[in-house]
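Have a look at the structure below before the remarks.
The values are calculated or read from the model by the stated rules, or taken from the named source; none is laboratory data. Just so you know, these numbers come straight off a predicted model, no measurement behind them. Cβ placement follows ideal geometry from the backbone for every residue including glycine, while neighbour counts extend to all protein chains displayed.
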Amino acid sequence: MCHHTSRRIRLNYEITSRNELRAVGSSRSLRCPNNQSSGSPDESSNEIVNLAFENQHGNLLRSVYSQHQYILDLIISFDFDFNLIQAESSGSVFFIDGSSQQFFRKSSDDVVKPDSIVDTEAGAAISILLGFAPPSTLSAASSSKLNQVLVPNPFNRPRAVFMLEIRGADDSKLLAKDDTIFSNALSSKIFIRSKKAEIQLPDEDEVVVVSLDEPLADFNDKELGNFASWIGGTYLSENEEPLNGELIIPLATGANLKLHMSKKADREFTLSVLSLVRNSRRAIEMHEDISHGLHYPAELLTGSFDGIKVLQEQYGPEVAELGMDVLLATFSKLYTALEATYKGQIVGVIFCYGTDASPESGKMMDVVFAPRRSVRWLEETEASDEVTLSVLLVRRTLAWITGIILVIATLLGIYFLLNMPLTRDTLLYSNVKLD
């Protein structure tokens, strides 16, 4: 005679100080009596009830533990995201409006300006300014921020954006300068992530992207002299050795910035400024050629400027501030020329961030084109020669057989019609009286 043992489980739940769910259970053994056979109906039913009781409470324990673990995961994920946001680098973005038309909100508008935006929202704003739809992944909160920056008129977009990233710039000093175009610009704090933000554009045929980072292939004293005359400065060259002179640029504050071409930092800063000027003029020439055509695409002028970062690392903040004044004077003259060429249909988006906030891969914004959809035509698919010959043979054979059958049937019908006996019950001659 065998003895069967079943267990009743009583479960209690408690949460310890470490937020862990603990199941406390006590079991009581129920043994069947010795005088009861193993196949007793009472014992079998008792064991089934006990097993069901155990399974029910075990499932309840697993359900409560999984829910508690889910809550803990949410808390940990929220804490990780909060620490990640705290660790993000920050900078400033300036939205420069046109002098004749308004594309951004003004400070007098009854709209609360956003305190900060992220780099993905800035990329979406540039897509909208070019006349394209924002990314589908843009959240409702981000759309609300863009509504606080852009004028809510989808039919009034400039379709031309001058975007420049300035590394090593102090945005507080830009806001303090009252005589620059940045003083009237709409500014906001921007959080920069390590990964590049994307400016999503639909197709390469609908937008022209002009790079402002093209390096100078030829660089001589003549070009330095022309730039000095254009900016209102002088260039003192030495005839004995080329590219060894001194560039003197007067500033609005009354100070002068002296850059000697024999010094590496001075030369790199000068090259950055000259590259910006030449590429901007090239963009103006391209716009004049595009404006005479039938197709008028959007235009994105994008580039970065590292000259301030070079002066900051070599000479410190004082010389870097003088270099910033030179850059602002250069940008003001270039933006005035761009507005005249584009007839006010252009805006500026300037990003400023320090050296510690520079993205890992260089530029903060990356232009991405949507994949072009393949054109599908309603046409018959081309088959192989063997399949075509076999199908043609079958079709010709069926045509010949059908034609032969029709010819035979026609001849037989004519033959039987002509040789039909002329009797009274003939259908063709039923009304004919025969003698």
LYS333 vs. criteria under 30 Å from ARG157 (Cα atoms), in the same structural domain as MET364 (by TED's automatic domain parsing) and basic (Lys, Arg): yes
Taking VAL209 as meeting all but one of (1) within 19 Å of THR330 (Cα to Cα); (2) of a type in the set (A, V, I, L, M); (3) at pLDDT 90 or above, write down the number of the exception. (1)
Residue pairs meeting the criteria (Cβ under 9 Å; at least 6 apart or on separate chains; first over 15 Å from VAL347 (Cα atoms) and at pLDDT 90 or above, in the stretch 154-178; second of a type in the set (Ser, Thr, Tyr) and assigned to a strand (DSSP E or B)): ILE166/SER304; ILE166/TYR353
Go through the residues of the stretch 129-142 one by one and say whether even a single one is part of a helix (DSSP H, G or I) and surrounded by fewer than 19 Cβ atoms within 10 Å (Cβ to Cβ). yes
Within the stretch 304-319, the residues that are in a helix (DSSP H, G or I), touching a residue at least 40 places away in the same chain (Cβ under 8 Å) and under 31 Å from the mean Cα position of the chain (by Cα) are ILE308, LYS309, VAL310
Heads up, the strands (runs of 3 or more DSSP E) in the stretch 182-295 (entirely inside) with at least 1 residues that are over 21 Å from GLU318 (Cα atoms) and touching a residue at least 12 places away in the same chain (Cβ under 8 Å) are 186-192, 197-201, 207-211, 234-236
Within the group LEU301, LEU322, which residue is assigned by TED's automatic domain parsing to the domain that holds GLU206, assigned to a helix (DSSP H, G or I) and not acidic (Asp, Glu)? LEU322
How about the stretch 285-320: which of its residues are surrounded by fewer than 17 Cβ atoms within 10 Å (Cβ to Cβ) and closer than 26 Å to ILE249 by Cβ? GLU285, GLU313, GLN314, TYR315, GLY316, PRO317, GLU318
Yes or no: the stretch 238-248 includes at least one residue that is modelled with pLDDT of 85 or more and in contact with a His (Cβ under 6 Å, 6 or more places away or on another chain). yes
